[in-house]
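Only one structure is covered here, and it is reproduced in the block below.
The values are calculated or read from the model by the stated rules, or taken from the named source; none is laboratory data. Fair warning: this is a prediction, and the values are worked out from it, not measured in the lab. Glycine gets a Cβ as well: all are built from the backbone with ideal geometry, and neighbour counts include every protein chain shown.
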Amino acid sequence: MSSKKMYKAVFLDWDDTLGDWCQAACHSQKDIYGKYRLSEFFPTFEAYYAAYETHNVDLWRQYSVGQITRSFLHRDRFLWPMVQQLGGMEILFQSPKLIDMADRMGADFLELTNRYFTLLPGAKELVEYLAARYPLTIISNGFVEVQYYKLAHSGLQSRFQHILISEEVGINKPMPGIFEQALKCNGVNKDEAIMIGDSYYSDISGAQNAGIDQLWVRFPDRVKNEGEHATYEVESLAQVMDIL
């Protein structure tokens, strides 16, 4: 099928749309689980990772709307699961070393995710295809030093005319301001651009808030909740090329 609408600019998310953040995070956390002997807190890696990931998703949502700082997110996503396993926040007064441990885990995590970074299957082909037809802009909520490292090592950075990292722009997805900044960078109106992303909350609803068309890459393992909709919806990166 082909699009009935011509676009003048394409915006793309990075993590879990083009870069395989999920596998990098999982591999990194397995290393951390072993190095920091987290079996003392959690009986299995799966139990630890489930507790971490549930809290991490909630923290990122708070961070995206300015409710918490980067430093709080960076520490608390590692600290909170351990504290909960030990019985609650009062444990921090008895074991202040937990805070230092969480900080060291966080620093290791950023380094390890860079080491384990890979592109998703089909990402390189999609970017090459799109770059030959549209000016491309990355819009990402990730941390500056991590995202630029991954972009530089992806072999694709030169294909993007603009790279907007929320930490640099000062606005996170799904707030409309970061999408409006992308429109301004490209010199296009909101009806002349489309946002491609995997996250309904950050990418799709964010683009909707800014009045921009959306292409939701909803991989087969992603749940679709009632009321969620997008201008276009696909199940693979290859299917994006059928639309644009």
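What to note about this one:
- Boolean, residue 105 is closer than 30 Å to residue 41 by Cβ, in contact (Cβ under 8 Å) with a residue 24 or more places away in the chain, of a type in the set (A, V, I, L, M) and buried (at least 20 other Cβ atoms within 10 Å of the Cβ): yes
For every residue, the table says whether it meets (1) part of a helix (DSSP H, G or I); (2) in the same structural domain as residue 156 (by TED's automatic domain parsing); (3) under 18 Å from residue 48 (Cβ atoms); (4) among the small types (Gly, Ala, Ser).
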| residue | (1), (2), (3), (4) |
| --- | --- |
| 67 | no, no, no, no |
| 72 | yes, no, no, no |
| 81 | yes, no, yes, no |
| 98 | yes, no, yes, no |
| 106 | yes, no, yes, yes |
| 127 | yes, yes, no, no |
| 133 | no, yes, no, no |
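- Conditions (1) within 14 Å of residue 12 (Cβ to Cβ); (2) surrounded by fewer than 19 Cβ atoms within 10 Å (Cβ to Cβ); (3) polar (S, T, N, Q); number of the one not met by residue 114: (1)
- When 155, 211, 187, 227 are checked against the criterion of being among the small types (Gly, Ala, Ser), over 17 Å from the mean Cα position of the chain (by Cα) and closer than 18 Å to residue 17 by Cα, 155 stands alone in meeting it.
- Applying a threshold of 8 Å to beta carbon distances and a minimum spacing of six or more residues, or different chains, the list of pairs starting in segment 130-143 at a residue that is farther than 12 Å from residue 156 by Cα and ending at one that is part of a loop (DSSP other than H, G, I, E, B) and among the hydroxyl-bearing types (Ser, Thr, Tyr) reads 134/7.
- Contacts under 7 angstrom Cβ, first residue in segment 169-185 being closer than 13 Å to residue 66 by Cα, partner among the aromatic types (Phe, Trp, Tyr) and modelled with pLDDT under 95, 6 or more apart: 172/63; 174/201
- Test: residue in segment 52-67 that is at pLDDT 95 or above, within 30 Å of residue 156 (Cβ to Cβ) and among the aromatic types (Phe, Trp, Tyr): yes
- Yes/no for residue 17 being under 27 Å from residue 164 (Cβ atoms), among the polar types (S, T, N, Q), crowded, with 16+ Cβ neighbours inside 10 Å and under 18 Å from the mean Cα position of the chain (by Cα): yes
- Residue in segment 71-86 that is farther than 30 Å from residue 181 by Cα, among the small types (Gly, Ala, Ser) and out of contact with any helix residue (DSSP H, G or I) (no Cβ under 7 Å at 6 or more places or on another chain) present: no
- Count of segment 21-35 residues which are surrounded by fewer than 18 Cβ atoms within 10 Å (Cβ to Cβ) and in contact (Cβ under 8 Å) with a residue 60 or more places away in the chain: 4
- Single residue of 201, 232 found to be among the aromatic types (Phe, Trp, Tyr) and within 18 Å of the chain's Cα centre (by Cα): 201
- Count of residues meeting criterion [aliphatic (A, V, I, L, M) and either surrounded by fewer than 20 Cβ atoms within 10 Å (Cβ to Cβ) or in the same structural domain as residue 67 (by TED's automatic domain parsing) (or both)] in segment 184-196: 1
- Within segment 144-168, the set of residues being touching a residue at least 12 places away in the same chain (Cβ under 8 Å), within 23 Å of residue 214 (Cα to Cα) and in contact with a helix residue (DSSP H, G or I) (Cβ under 8 Å, 6 or more places away or on another chain) comprises 151, 156, 159, 160, 161, 162, 163, 164, 165, 166, 167.
- Failed condition for residue 92, given (1) within 24 Å of residue 183 (Cβ to Cβ); (2) surrounded by 14 or more Cβ atoms within 10 Å (Cβ to Cβ); (3) modelled with pLDDT under 90: (1)
- Restricted to segment 1-14, and to residues there that are over 18 Å from residue 139 (Cβ atoms) and of a type in the set (D, E, K, R), the residue that is surrounded by the most Cβ atoms within 10 Å (Cβ to Cβ) is 5.
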